[in-house]
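Asker: I have a structure here, written as structure tokens, and I will follow up with some questions on it.
What follows draws every value from the coordinates through simple rules; no lab data is involved. What you are looking at is a predicted structure, and each value in this text was computed from that prediction instead of being measured. Cβ coordinates were reconstructed from backbone atoms using ideal geometry, including for glycine residues, and neighbour counts include every protein chain displayed.
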Amino acid sequence: MVDWIDKTGRRHNRQFRLYREADQFRRETERALEAGTFRPKADKVTVRDACTSFLEHCQGRQERGERMTRHCLAVYRGHINNHVLSKTYGIGATTLARLTAGIVGDFRDGMRSAGVSVPTARKVLSTLHGVLQFAIGKELIAVNPAHGVRVIGRRDEGSQKVRPPSKESVAALLMAAGENRLAIWFAAATGVRAGEQWALRWRHLDLAGGEVAVEARVDCYGRKTRRRRKPGCARSRSVGSSSAL
């Protein structure tokens, strides 16, 4: 049995079947206590548990309207369920006490070996980093093992530059668009995003000046939100429109 007192003066003890297991745990605990990184719950809480608590926290924020959209919550769920908790390469069963940068690196390599693209792998690691930051806030761990773990792909791999279609391709698309012809024509002429286009009203159009004021967007769930404002930037932006409109 290993018996120790943490920095708050609370006494702990833990029993082991083998002496070498107890001795290893004792040495690891002593190092953590000296470094100030010991957290008593870290050896009992798994990554799966931390992910569950994180998603519940995000769900509450979304319900209270605290800067958590339904889409963002769905993305977090997808990253966690499809990758972090994957039965093939996931790390859900790993306890927070055993989670290291090396294990996170192996998880990254497992994603890449399974065919996960560089952009998606980066986004999944970002979500995992957020989960572990949440665990730090709950005093389950002291440091974030995902911090500094990077996804490096080939030079020709990663996010691709968006290339607009040619005039011939747009013309062919408009010919086949049917009742959606005007919407596609408007998007091609102004360059506004789909969600921004569905939030437009007549008051946003300056037909004489040839400008469109973009103030809001509609997400995939039909929820309208104001355009996010960055420091030093206006709440809305103006884009030019084609004279053909």
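Asker: Exposure proxy check: F16, F54, F134 ranked by fewest other beta carbons within 10 Å?
Answerer: Ascending number of Cβ neighbours within 10 Å: F16, F134, F54.
Asker: Let me ask another. Which order results if Y76, Y89 are arranged by neighbouring Cβ count within 10 Å, fewest first?
Answerer: Y89, Y76
Asker: Follow-up. Less than 17 Å from a label point 7 Å out along the Cα-to-Cβ axis of S53: which backbone N atoms in the range 85-126 qualify, by residue?
Answerer: Under cut-off, by backbone N: 92-100.
Asker: On a 29 Å Cα-Cα criterion, which of the cross-link pairs K123/K224; K138/K224; K123/K167; K87/K161; K87/K224; K123/K161 come out too long?
Answerer: Those over the limit are K138/K224; K123/K167; K87/K161; K87/K224.
Asker: Turning to a different aspect of this structure: With charges set only on the Cβ (+1 for Lys and Arg, -1 for Asp and Glu), what does the dipole of the range 47-137 come to about its Cα centre, in debye to the nearest 20?
Answerer: 200 debye
Asker: Please say if the range 77-179 is rounded, prolate or oblate, where rounded means a/c under 1.5 for a ≥ b ≥ c the square roots of the C-alpha gyration tensor eigenvalues, and otherwise the choice is prolate for a/b larger than b/c and oblate otherwise? Write down the numbers at each step before the final one.
Answerer: Working: a/c = 2.92, a/b = 2.50, b/c = 1.17.
Prolate is the answer for the range 77-179, as a/c is 1.5 or above and a/b outweighs b/c.
Asker: Right, next: Sort I136, I80, I152 so the one with the fewest other Cβ atoms within 10 Å of its own Cβ comes first.
Answerer: If I rank by nearby Cβ atoms, fewest first, I get I152, I136, I80.
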